[in-house]
Amino acid sequence: MADRRGSRILTINSGSSSLKFALFEMGDDEALRLAGRLEGIGLGGSGRFAVKDGEGNSLVDEANPLDDHEAALSRLFDWLKGRPEHGGLDAVGHRVVHGGSRHTRPERITPEVMASLHDLVPLAPDHLPQEIRAIEAVSRAYPELPQVACFDTAFHRTMPAVAQAFGLPRDLADEGVFRYGFHGLSYEYIVGELRKEAGSAAAGGRLIVAHLGNGASLAAILGGKSIDTTMGFTPAGGLVMSTRSGDLDPGILVYLLRHRGLDAEELDRVVNKRAGLLGVSGTSADMRELLEREDQDKHAAEAVALFCRQARKFVGALAAVLGGLDTLVFTAGIGENAPPVRGRICEGLEFLGVRVDPDRNARSDAVISPDGAPVTVRVMGTDEERMIARHTRDVVRERGPSGSEP
Ligand code: AMP
């Protein structure tokens, strides 16, 4: 008989001012029943609670202040309790941004795991506190339900030591200052879908995945395992992003401290909130808006050009680490929806075997390279929520991650 334990799963993905959730029925078809967002948390009156069913029909869309994550989750739980999907909820899975070096796979949340998450707060002070509070709020609302932490860093723990190292004094590495990498749930999902779509040889080959959303990173994946990635100690590293700077000459930080007299909070704001596409364009963090305006707005054009050039450089660097390239996948908001960005990233990469068919690219076909090209360039949707639900089911059923038996 099929194992029904851990079938009905609520996933929670807490951001700094928003919270995404989904409810899955993890039978054979892994059906999505509900998906929604709580937005504008802690931003005064601009809170919003919206839910759609599995077919995309709106069930709720209300504007109400959401004072903090606690209030946002109470609104969700109150609403959920009146829903038929609520009965028989089996488990709750959380995306946890940082698992440090200790957490290399999804784990059932225990008092020990909670203590460890508290210890990790200095590594992710902008995200982990809200995630911890979300776990605590679920414990209060549903004390009987198992909860599972799915770490966004875990997928990258297979990177060789040399890929994780920074050129810093050894004592800093000893206290945990090294490259963790992020977007692991997205990369893991893409590898699994690629295996289904294109077979084990493609998923196990020399693969670069470009996760290009508001947060953006690329990963080099070989044999289905991460061997390098662009984000570093924090999600601020690597590629220039919507409001994050990406990699900087470290001397710039010293300059800002010495000559602009910035303190830690101000420095954090400059590199995480005021930089990136927003900082360079001076007007918008949103790639779609920048593309619409780039013909009339020189600074918008510069921001788009910087993003594409940096992404191309990272594809080249990761291909070097992989010793060549078989498959390049574009995913997330920009990767899935912005043909001009994909096209410009790939321009000049012909020497690596990367070619793009303009018509296929304009249609965002599943494969945008021409038939027979040395590198298959793909556009794929990512689904971190579904990955969390899969892990949660597997942990609750006491199987290994991603459905493998222990
Ligand atoms: P995400 O964080 O994955 O939701 O991605 C958000 C980013 O995707 C934003 O910069 C959006 O402007 C961008 N995006 C979404 N749709 C489009 C589109 N049709 N064209 C260009 N960029 C898009």
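Values in this text are rule-based calculations from the coordinates and carry no lab data. Treat the numbers as computed from the prediction; the structure is a model and nothing was measured. Heads up, the Cβs are rebuilt from the backbone with ideal geometry, glycines too, and the neighbour counts pull from every protein chain shown.
Might you report the magnitude of the Cβ-based charge dipole of the stretch 230-285 about its Cα centre, with Lys and Arg at +1 and Asp and Glu at -1, to the nearest 20 debye? The partial results should precede the final answer.
On the way: 6 positive and 6 negative charges, 27 e Å.
It comes to approximately 140 debye.
Which of PHE351, PHE178, PHE24 ends up with the largest GNM mean-square fluctuation for the chain, with Cα atoms connected below 10 Å?
PHE351
When only C-alpha pairs under 8 Å and at least 6 residues apart count, what is the relative contact order of the stretch 285-406, in percent? The partial results should precede the final answer.
On the way: 142 pairs, mean separation 23.0, N = 122.
Value for the stretch 285-406: 19 percent.
Using only helices, what value at 222 nm comes out for the chain when you add -39,500 (n - 2.57) per DSSP H run of length 4 or more and divide by the total residues, to the nearest 500 deg cm²/dmol? Don't skip to the end; give the middle numbers.
Numbers: 16 runs with 156 residues, N = 406.
Calculated mean residue ellipticity at 222 nm is -11000 deg cm²/dmol.
Using a Förster radius of 45 Å, what is the FRET efficiency between GLU336 and ASP174 based on their Cβ-Cβ separation? Nearest 0.05, please. If you can, show how the numbers build up before the last one.
Working: r = 40 Å, r/R0 = 0.89.
Rounded to the nearest 0.05, the efficiency is 0.65.
Rounded to the nearest 20 debye, what is the charge dipole size of the stretch 65-205 about its Cα centre when +1 sits on each Lys and Arg Cβ and -1 on each Asp and Glu Cβ? Don't skip to the answer; put the middle values down first.
Values: 14 positive and 20 negative charges, 84 e Å.
My answer is approximately 400 debye.
Between GLU144, GLU347, GLU70, where does the largest GNM mean-square fluctuation fall for the chain, given springs only between Cα atoms within less than 10 Å?
GLU144
Would you mind counting up the charge near PRO340? Only other residues with Cβ under 12 Å from its Cβ, with Lys and Arg at +1 and Asp and Glu at -1. It would help to have the intermediate numbers written out before the result.
Details: positive: ARG288, ARG342, ARG344; negative: GLU292, GLU294, ASP295, GLU347.
Around PRO340, the surrounding residues sum to -1.
Taking a ≥ b ≥ c as the square roots of the eigenvalues of the Cα gyration tensor of the chain, is the shape rounded (a/c under 1.5), prolate (a/b larger than b/c) or oblate?
Working: a/c = 1.39, a/b = 1.23, b/c = 1.13.
Because its axes are fairly even, with a/c under 1.5, the chain counts as rounded.
Give me the extension gain from ALA362 to ASP29: residue separation times 0.36 nm, minus the current Cα-Cα distance, reported in nm with one decimal.
Stretched out fully, the ALA362 to ASP29 stretch lengthens by 116.8 nm.
How far apart, in nm, are two points set 7 Å out from the Cα along the Cα-to-Cβ line at VAL162 and at THR283?
It is 4.6 nm.
How charged is the neighbourhood of GLY237? Take every other residue with its Cβ under 15 Å from the Cβ of GLY237, and add Lys/Arg as +1 and Asp/Glu as -1.
Details: positive: ARG179, ARG244, LYS313; negative: ASP126, ASP152, ASP228, ASP247, ASP249, ASP268.
With Lys, Arg at +1 and Asp, Glu at -1, the net is -3.
Given the options PHE151, PHE182, PHE49, which has the most mean-square fluctuation in a GNM of the chain, springs set between C-alpha atoms less than 10 angstrom apart?
Answer for the Gaussian network model of the chain: PHE49.
Below 18 Å, Cα to Cα, which lysines can LYS196 reach? Residues fewer than 8 away in the same chain don't count.
LYS225
Net charge around ILE135, counting only other residues with Cβ within less than 14 Å of its Cβ (Lys, Arg = +1; Asp, Glu = -1)?
On the way: positive: ARG95, ARG108, ARG133, ARG140; negative: GLU70, GLU107, GLU112, GLU131, GLU136.
Surrounding charge for ILE135 is -1.
Per 0.36 nm of contour for each residue apart, how much would the distance between LYS81 and LYS298 grow if the chain were fully extended, relative to their Cα-Cα spacing? Show your work: numbers first, answer last.
Details: separation 217, 0.36 × 217 = 78.12 nm, distance 5.12 nm.
The span from LYS81 to LYS298 would gain 73.0 nm if fully extended.
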